[in-house]
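Chemist: Provided herewith is a single structure, encoded as structure tokens, for subsequent inquiry.
The values are calculated or read from the model by the stated rules, or taken from the named source; none is laboratory data. Predicted model only: the values in this text are computed from it and were never measured. Using ideal geometry, Cβ is built from the backbone for each residue, glycine included, and neighbour counts are taken over all protein chains shown. Surface accessibility is based on the protein's heavy atoms, side chains included, excluding ligands, DNA and RNA. Shrake-Rupley method; radii C 1.70, N 1.55, O 1.52, S 1.80 Å.
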Amino acid sequence: MKKARNKIVLAVILLASLAAGGEYYIKTIPSFHTDKSPQETSDQPGKPANSKPKLAEEPTLIKFTSQQAAEEYEAKHQIELIKVPLGYYKTRTPKSQLPPDQAIVSVSDNLQYRALVIPNDSLYSQQYAPPITSAPQGWDVSTGSASTVIAVIDTGFGLNHDDIKNKWWSNPNETGITVLEGGAPNCTSRGLPLDKSCNNRDDDGNSLTDDWRGWDYVGNGTTGDNDVSAGTTEPLNQYAAHGTMTAGLAGAQTNNGTGIAGTCWLCKVMPVQVLGDNGVGETAEVAAGIRYAADNNAHVISLSLGADGFDPLLQSAVEYAQSKNIIVVAAAGNSGPGNMIYPALYPGVISVGATDSNDNLASFSSTGPQLAISAPGVSVRTTWWQATNGTSSYAYASGTSMSTPQAAGLAALIKTQYPSSTPTEITRWIKNGADKVAGMKGAVRTDQYGHGRINLHHSLTNYSWSFSSQASYTDSSLTTPIDLANMGAGQTVWLVVRATNTGNITWQKTGPNPVRIGGAPPLERRSRFATGAWITPSRPATMEEASVAPGQIATFKFPITIPNGNGTFSEYFNLLAEHYMWLNEDVGQHFVITVKDSYTWSWNSQAAYTDSSKTTSVDLSNMSPGQTAWLQVRANNTGNATWLKTGNYPLRIGTAHPLERHSRFATGAWITPSRPGTMLEASVAPGGVATFEFPITVPAGGGTYREYFNPLAESLTWLNEDVGQFFPITVK
């Protein structure tokens, strides 16, 4: 007999919909639209679970120059050819064994394509969740395994439900033939064959008698009993079916021509009852249920329950399960924006919110910065149990309770496919594989949707990365590092990014989904630093290695060209599997590039005068030692920086051929023997003309000289290359 307790109460997180469209929230008794004809069958042929693609009987396709050439080749080499569309011929002879012939145009593998796995369950067409979460494509990768166990910790269960009765986990230490038996009630007193499941003994030594199929912690006495069936105290209470509903979404028997498709087809469901038929339980029972699942080697724990307050005992139980590398998944709550609840708020728990068939946030779904993921949770088709008469049926239900077992089922699929994966990795793959729905407005994560709505296929074939290192070099040889903090317009440098493969898929350099580096954020951003060597203006390069297995490092190297325009830029990049998906969220990898103002010039005019008044021109081809002349150089500003007479980088003219040459024509009026003067104008904008005027004194000694000059932005840079400006001076 069930006993009530007065401790911390944890209520079932369930929001159910009436057939008429009404909605009921926590602490009300919901009504469900149920289907009382679960036995209807489908006329669609099913596909066996885990069926593998067959090799093509004819592994090779050949194209010849003509039909006659094909016939001659067949006769000559005694190789059977079968004509197929598009002018090809197929043969059973492998490519490597084909005799060469000039008549062969091309040879390729003959691959066999197949439809994706679609279950034949009679109510599958009424389930919107599998299609939008790419479940069929995910099931083509994995349908789970009977050795993978999802512990559903909930109310009681419809143990004889047609769609779940073959999916319940059995305790291996409490089942099997035995000669030992405790007192009645035992196997003998009940007329059953002697077995550990009914011998009234604690065969596995966990202080629970005959817990061969889970445990009911709200059952008889203080320790409960081994009867986890629903409706033993309140069969009319709608919450009595809650455990059946969540168990079905996690692991209903699938591809069996009946009912719905569970998320993990082949996984076993461990039934652990911690809530009564009224949907209410207490701290100790819930914590004990979590520890029971952990001690009995569950791989995933699904918790469609919660309470508003922090509970150290429950947190301890969650941490205990996590210490055993168990993935813990919990409902975010049904209290609307904000208001997330425990245990979803505990660190490391995959907290799940709810979306509808259009990927909109459910109005009731609790949100917050701790939200990890979202899953369908509005009018979800699932299993239902009529406890009053023991009838299998189906219902539409809403709530984060319904979202949670789907995420738990996904975690179990990943664990099956990658047995050595850790909870941290599985959590990352679920988040990284999620679809960024429209409501996220381009963000990689929001408090409303977490990292997005689950996508089974993407998470099972997960591409994700972490930053390893980066560097910059003067050229493609990567021998000389360069400081990106002092770049000039037109300059080309090579960047290198090294990335660690943190996903579960080997990256390939070629093939249908080559792994490349691209501009971000936003994704597909066209970079101002792109060069013609890039694949596209938003796609710098493909990785250098032919393949990079999980845990290994890929290298991306590519050139950039510095554009005109000064400033400091943070140039971000992200990785993508081309034609498939961008790898997980932006990891923050970027280069900080500081571009100097573009200082360039072209020659405009030059002149020479007898003195600073510049009224009388002088012939520089007939100069005498000691004679003074005034030179004038006019320069066009062809860059993008405004030239300034004063300030940090005053525009001056200096000697050239070579730069900083001490001139024999210098006078005391020069700034230095290599720096005649500063421009006359206060500022010269791009496109303007600057004037430089300065005296020279002719030295002793005859001869003809070419006196070269070039502008510079003092303390920053000499203006572009020498443009050939000089004065020819002949000394008598």
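Chemist: Between region 482-498 and region 278-309, how many Å separate their Cα centres?
Modeler: Each part reduced to its Cα centre gives a spacing of 56 Å.
Chemist: Using a 1.4 Å probe on the protein chains only, how many percent of the accessible area of the chain belongs to carbon and sulfur? Please report the intermediate quantities before stating the final value.
Modeler: Values: 15400 of 30510 Å².
Exposed carbon and sulfur together represent 50 percent of the surface.
Chemist: Further, regarding this structure: Give the calculated FRET efficiency between S469 and D447 to the nearest 0.05, with a Förster radius of 30 Å applied to their Cβ-Cβ distance. Write out the running numbers ahead of the final one.
Modeler: Numbers: r = 33 Å, r/R0 = 1.08.
Efficiency computed from Cβ-Cβ geometry: 0.40.
Chemist: Which value, in Å² and to the nearest 10, is the accessible area of Y320 when all protein chains are kept and the probe is 1.4 Å?
Modeler: Y320 exposes around 60 Å² with every protein chain in place.
Chemist: Would you work out which of N574, S207, V444 lies farthest towards the positive end of the dipole of the chain, given +1 charges on the beta-carbon of Lys and Arg and -1 on that of Asp and Glu, about the Cα centre?
Modeler: After comparing all options, I get N574.
Chemist: For H657, H299, write out the residues from largest to smallest accessible area, computed with a 1.4 angstrom probe and no ligands counted.
Modeler: Final ranking, largest accessible area leading: H657, H299.
Chemist: Additional query: Skip the ligands, DNA and RNA, and give the accessible area per residue of region 146-241 with a 1.4 Å probe, whole Å².
Modeler: Value for region 146-241: 43 Å² per residue.
Chemist: Counting heavy atoms of the protein chains only and a 1.4 Å probe, report the per residue accessible area for region 469-516 as a whole number of Å². Could the numbers behind the result be given before it?
Modeler: Numbers: 2120 Å² over 48 residues.
In whole numbers, region 469-516 has 44 Å² accessible per residue.
Chemist: For region 482-614, rounded, prolate or oblate, judged on the Cα gyration tensor with a ≥ b ≥ c (square roots of eigenvalues), a/c < 1.5 rounded, else prolate if a/b > b/c?
Modeler: Cα axes put region 482-614 in the prolate bin.
Chemist: Given just the C-alpha atoms of region 420-468, how large is their convex hull per residue in cubic angstrom?
Modeler: For region 420-468, the hull spanned by Cα atoms encloses 96 Å³ per residue.
Chemist: Provide the net charge surrounding I62, with neighbours chosen by a C-beta distance below 15 Å and charges set as Lys +1, Arg +1, Asp -1, Glu -1. Walk me through the intermediate numbers first.
Modeler: Working: positive: K63, K76, K83, K90, R92, K95; negative: E58, E71, E72, E74, E80, D101, D109.
Net of charged neighbours comes to -1.
Chemist: Sort W603, W139, W630, W385 by heavy-atom solvent-accessible area, probe 1.4 angstrom, most to least.
Modeler: Sorted by accessible area, descending: W603, W630, W385, W139.
Chemist: So, one more: Projected onto the charge dipole of the chain (+1 at Lys/Arg Cβ, -1 at Asp/Glu Cβ, origin at the Cα centre), which of T542, W265, L659 gives the Cα projection farthest towards the positive end?
Modeler: So the residue we want is L659.
Chemist: Rounded if a/c is under 1.5, else prolate if a/b is larger than b/c, else oblate: which is region 185-326, with a ≥ b ≥ c the root eigenvalues of its Cα gyration tensor?
Modeler: Values: a/c = 1.35, a/b = 1.11, b/c = 1.21.
Rounded, since a/c falls under 1.5.
Chemist: Once you order the gyration tensor axes a ≥ b ≥ c over the Cα atoms, which shape class does region 298-443 get: rounded for a/c under 1.5, otherwise prolate or oblate by comparing a/b with b/c?
Modeler: Note, shape of region 298-443 comes out rounded.
Chemist: So, in Å, what gap is there between the alpha-carbon centers of region 371-409 and region 589-634?
Modeler: Centre-to-centre (Cα) distance: 83 Å.
Chemist: For the chain, find the longest principal axis of its Cα atoms and tell me its angle to the long axis of helix 283-295, 0 to 90°, nearest 10.
Modeler: It is inclined by approximately 80 degrees.
Chemist: For the chain, take the longest principal axis of its alpha carbons; what is the angle in degrees between that and the long axis of helix 242-251, to the nearest 10 within 0 to 90?
Modeler: Around 60 degrees separate the two axes.
Chemist: Of all DSSP beta bridges located in the chain, what percent are antiparallel, nearest 5?
Modeler: 80 percent
Chemist: May I pose another question? Between T65 and V592, what is the label-to-label distance in nm when each label sits 7 Å out along the Cα-to-Cβ direction?
Modeler: Label at T65, label at V592, 6.5 nm between them.
Chemist: Cα axis of helix 67-77 to longest principal axis of the chain: angle in degrees, 0 to 90, nearest 10?
Modeler: Taking the Cα atoms of the chain, the angle to 67-77 is about 70 degrees.
Chemist: State the label only: which of (1) 3, 13, 21, 20, 18, 14, 9, 3, 0; (2) 3, 12, 16, 15, 12, 10, 9, 8, 6, 4, 3, 1, 0, 0; (3) 3, 12, 22, 27, 23, 10, 2, 0 corresponds to P(r) over Cα pairs in 10 Å bins from 0, in percent computed from the shown model?
Modeler: (2)
Chemist: How far apart, in nanometres, would the label points at Q491 and A669 be if each is projected 7 angstrom from Cα along the Cα-to-Cβ direction?
Modeler: 3.6 nm
Chemist: Here is a further query. Rounded to the nearest 10 Å², what accessible area does K436 have for a 1.4 Å probe in the complete protein model?
Modeler: 90 Å²
Chemist: About its Cα centre, what dipole magnitude does region 185-343 give when the only charges are +1 on Lys and Arg Cβ and -1 on Asp and Glu Cβ, stated in debye to the nearest 20?
Modeler: 460 debye
Chemist: Between region 646-682 and region 504-546, what's the alpha-carbon centroid distance in Å?
Modeler: Spelled out, the Cα-based centre of one part sits 47 Å from the other.
Chemist: Further question: On a full-extension model of 0.36 nm per residue, what is the gain between D611 and L313, subtracting their alpha-carbon distance, rounded to one decimal in nm?
Modeler: Between D611 and L313, full extension yields an extra 97.7 nm.
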